[in-house]
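**Q** Following this message is one structure expressed as structure tokens.
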Amino acid sequence: MLLIVAGHDPTGAGLRADIATAEALGVPVVSLPTLLSLQDEGVEIVEPVDSRFLSDCLTRYVPRCEVVKVGAVPTLKTFEILAKRLRDLTVVWDPVFRAEAGGELSEATPEEALETFGKTVDILTPNTEELSQLVGREVRTTVEAELAARELVEEYGLTGVLVTGGHSVDRRDVWVPAEGDTIAWEVPPGEGAHGSGCVLSTALACFLVRGLDPETAVERAVRFARAAVREARNTPFGRVADPVAQIRRDATLGKATQHVIRALEIIESDPAFARAIPQVGMNVAEVFDPSRGLEGVVGLSGRIVLDGGRPTAVGRPVPGGSKHVGTVALTAHRLDPSVRAAVNARYDEELIERARDLGFVVSSFDRSEEPEEVDSTMEWGTEVAFRRAGDTPDVVYDEGDVGKEPMIRVLGKSAVEAVTKLRMLLG
């Protein structure tokens, strides 16, 4: 079991990010706050947790845990308690003394903290600014970070130091172990995110709980934290790292994929769909993550074509599998979030009339009216169809143009619903 001892940041870092990370990685956790804080554009109030209460909690929980992640520690007294109570655990310390937005989180100096707590620690995870505070000089490059980290490893008998280099000149993360080779990774371009250091150190602790060796745990933690930063959510307090974004996306991707698979089964099992296959082939698409554009839409990598007079799917459902139908689904979802899917079909006036008879909302666009500056015909056409309908259409069609096949697109809340609607049009 993992023990987390860290400060509570209401804006998304600290204990909040730690617990979310452990839950995302499926590691059972006991969490204890070292401090409560009021943070907005900076730290306004820090209220240390009663030291006797914290000590009693540690006495109770430490025997049940194997690894502890330590975050912000508000006082030297708290460091003394941790040094006494955590000696039998593997300790990962994220040495946070100041909040990223500004403001002190600890009354203890880095020098006092190291002197009191340093020899209890197994792995340190500072950024370059925190490393500078710990060694008492400015650290700007990967080489300087490696040298500073090596000093700490040797002086305090650490297993290793993982330095995050988002603030360094050459933007590299570097792992400096007591044994083995130093490893460095380039930091991807882009903004950082509040709570990213918390996610990294907790992920590392989680992988150690699972029994991974330190080097492997570090590598996996770096990948996990980068995904959390990449998927950071925007809040009134800025970008906040999101450790559960990958799980949510995987869940929605899996759901959308299953819907598309079921929709394909419906099409292939019913010969009636043969009359709906256009010359360019049919595709089915469902949105699972609109923020990723077409890569957030599951579609068939090939097409549904006629094989011996029967509709047959060629390819498999994958993210980004359909540009044409995927763009229709993505645009429709933007205009009405309840719509997530689309299927295209051969243009047939009888199907259009059947849709109207069934009470479906039917709309269209004219390709000849498309402005020259338009980048995507399907995006423009879907937007026009929505405006003309004054409502969310079930069916969007166009009558083609020179070199462009006329087409029907059927929309739905899922790929299964869209295909079921098309099946209704086919009688």
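The values are calculated or read from the model by the stated rules, or taken from the named source; none is laboratory data. These numbers come from a predicted model, not from an experiment. So basically every Cβ, Gly included, is an ideal-geometry build from the backbone, and we count neighbours across all protein chains shown. We work out accessible area using only protein heavy atoms, side chains counted, and drop any ligands, DNA or RNA first. Shrake-Rupley method; radii C 1.70, N 1.55, O 1.52, S 1.80 Å.
**Q** Students often forget the sequence filter, so: which lysines lie under 17 Å Cα-Cα from residue 69 once same-chain residues fewer than 8 apart are removed?
**A** Candidates past the 8-residue exclusion: 84, 119.
**Q** Also, quick follow-up: Taking 0.36 nm per residue of separation and subtracting the Cα-Cα distance, what length does fully extending residue 216 through residue 167 add?
**A** Numbers: separation 49, 0.36 × 49 = 17.64 nm, distance 2.41 nm.
Contour length minus Cα-Cα distance gives 15.2 nm.
**Q** Compute the relative contact order of segment 319-398 as a whole-number percentage, counting only Cα pairs closer than 8 Å that sit 6 or more residues apart in sequence.
**A** Relative contact order for segment 319-398 comes out at 32 percent.
**Q** Hey, could you pull the Cα Rg and Dmax for the chain, both in Å?
**A** Cα-based Rg and Dmax for the chain come out at 28.1, 83 Å.
**Q** Something else about it: What is segment 329-409 by shape, rounded, prolate or oblate, if you read a ≥ b ≥ c off the alpha carbon gyration tensor as root eigenvalues and call it rounded for a/c under 1.5, prolate for a/b larger than b/c, and oblate otherwise?
**A** Judged from the Cα gyration tensor, segment 329-409 comes out oblate (a/c at least 1.5, b/c at or above a/b).
**Q** Compute the Cα gyration tensor for segment 154-228, then decide on rounded, prolate or oblate, letting a ≥ b ≥ c be the square roots of its eigenvalues: rounded whenever a/c is under 1.5, prolate when a/b is larger than b/c in the other cases, and oblate in all that remain.
**A** oblate
**Q** Taking the 0 to 90 degree range and rounding to the nearest ten, how far is the long axis of helix 76-85 tilted relative to the main principal axis of the chain, both from C-alpha atoms?
**A** 80
**Q** Okay, next question. So if I average 1/r over every pair of distinct C-alpha atoms in segment 47-103 and take the inverse, what Kirkwood radius in Å does that give?
**A** 12.2
**Q** How do the peptides 1-13, 207-219 rank, highest first, by the average count of neighbouring beta carbon atoms within 10 Å per residue?
**A** 1-13, 207-219
**Q** Using alpha carbons only, how many angstrom separate the centre of segment 348-427 from the centre of segment 270-332?
**A** Comparing the Cα centres of segment 348-427 and segment 270-332, I get a distance of 15 Å.
**Q** On to the next question. Treat every Asp and Glu Cβ in segment 14-93 as -1 and every Lys and Arg Cβ as +1, leave all other atoms uncharged, and give the resulting dipole magnitude about the Cα centre to the nearest 20 debye.
**A** 480
**Q** Still on this structure, I have one more. Taking the alpha carbon gyration tensor of segment 302-361, what are the square roots of 5 times its eigenvalues, largest first, to the nearest whole Å?
**A** Working: eigenvalues 101, 87, 12 Å².
So the three semi-axes of segment 302-361 are 22, 21, 8 Å.
**Q** In addition: Give the residues of segment 340-373 whose amide nitrogen is closer than 16 Å to a point set 7 Å from the Cα of residue 387 in the direction of its Cβ.
**A** 363-373
**Q** Could you state the number of Å between the C-alpha centres of segment 181-223 and segment 17-88?
**A** 20
**Q** Using only the alpha carbons of segment 91-207, determine the length spanned along each of the three principal axes and report them from longest to shortest in whole angstroms.
**A** Principal-axis extents of the Cα atoms in segment 91-207, largest first: 37, 36, 31 Å.
**Q** Diagonalise the Cα gyration tensor of segment 201-268 and give the resulting equivalent ellipsoid semi-axes, square root of 5 times each eigenvalue, largest first, whole Å.
**A** 32, 19, 8
**Q** Continuing with this model, one more query. Over all directions, average the projected area of the Cα convex hull of segment 1-84 and note it in nm². Don't skip to the answer; put the middle values down first.
**A** Values: hull surface 21.5 nm².
Over all viewing directions, segment 1-84 projects a mean Cα-hull area of 5.4 nm².
**Q** At 1.4 Å probe size, with every protein chain present, just tell me what the per residue accessible area of segment 257-297 comes to in Å².
**A** Heavy-atom accessible area per residue stands at 41 Å².
**Q** Using a simple charge model, +1 on the beta-carbon of Lys and Arg, -1 on the beta-carbon of Asp and Glu, nothing else, what dipole does segment 219-286 show about its Cα centre, in debye to the nearest 20?
**A** Rounded to the nearest 20 debye, it is 440 debye.
**Q** Here's another thing I want to ask about it. So, in nm, how far is label residue 137 from label residue 295 when the simple model puts each one 7 Å beyond its Cα toward the Cβ?
**A** 4.1
**Q** With a bin width of 10 angstrom, please list the P(r) values of segment 155-284 as percents of all Cα-Cα pairs, from the 0 bin to the one holding the largest distance.
**A** 11, 29, 23, 14, 13, 9, 2, 0
**Q** For segment 144-190, what D do you get in µm² per second when you plug the Kirkwood radius from alpha-carbon pairs into Stokes-Einstein at 25 °C and 0.890 mPa s?
**A** My calculation gives 226 µm²/s for D.
**Q** Nearest 500 deg cm²/dmol is fine: what mean residue ellipticity at 222 nm does the chain get from its DSSP H runs of n ≥ 4 alone, each adding -39,500 (n - 2.57), divided by its residue count?
**A** Taken over the chain, the calculation gives -12000 deg cm²/dmol.
**Q** Arranged from highest to lowest average of other beta-carbon atoms within 10 Å per residue, in what order do the peptides 88-95, 141-148 appear?
**A** The peptides rank, most packed first, as 88-95, 141-148.
**Q** Which of the peptides 334-344, 241-251, 307-317 is most tightly packed, and how do the rest follow, going by the mean number of other Cβ atoms within 10 Å of each residue? Write down the numbers at each step before the final one.
**A** Numbers: 334-344: 22.3, 241-251: 17.9, 307-317: 15.5.
The peptides rank, most packed first, as 334-344, 241-251, 307-317.
**Q** Same structure, new question: Taking a probe of 1.4 Å, how large is the accessible area per residue of segment 324-420, in Å²?
**A** 46
**Q** How large a share of the accessible area of the chain, in percent, is made up of carbon and sulfur atoms when the probe is 1.4 Å and the other protein chains stay in place?
**A** Using a 1.4 Å probe with all protein chains present, the chain comes out at 47 percent carbon and sulfur.
**Q** Taking R0 as 22 Å, what FRET efficiency do you get between residue 223 and residue 250 from their Cβ-Cβ distance, rounded to the nearest 0.05?
**A** On the way: r = 15 Å, r/R0 = 0.67.
Taking R0 as 22 Å, the efficiency between residue 223 and residue 250 is 0.90.
**Q** Which entries of 323/421; 255/413; 255/421 have Cα-Cα distances beyond 18 Å here? Intermediate results must be reported in sequence, preceding the final value.
**A** Numbers: 323/421 21 Å; 255/413 13 Å; 255/421 20 Å.
In this structure, 323/421; 255/421 lie more than 18 Å apart at Cα.
**Q** How long are the semi-axes of the equivalent ellipsoid of segment 257-386, taking √(5λ) for every eigenvalue λ of the Cα gyration tensor, in whole Å from largest down?
**A** Gyration-tensor ellipsoid for segment 257-386: 23, 20, 14 Å.
**Q** When the chain is fully extended, how far beyond the present Cα-Cα distance does residue 154 get from residue 50, taking 0.36 nm per residue of separation?
**A** Extra length available between residue 154 and residue 50 comes to 34.1 nm.
**Q** Something else now. Under 20 Å Cα to Cα from residue 77, which aspartates and glutamates show up? Leave out anything in the same chain fewer than 8 places away.
**A** 47, 50, 56, 88, 94, 104, 107, 111, 112, 115
**Q** Counting residues in segment 32-178 as N, plug N into 2.2 N^0.38 Å and put the Cα Rg over that result.
**A** Here the answer is 1.04, to two decimals.
**Q** Can you work out the accessible area per residue across segment 188-232, with the rest of the protein chains kept in place, probe 1.4 Å, in square angstrom?
**A** That works out to 40 Å² per residue.
**Q** Then there's this: Could you work out the Rg to Rh ratio of segment 86-157, with Rh taken as the Kirkwood radius (inverse of the mean 1/r over all Cα pairs)?
**A** 0.95
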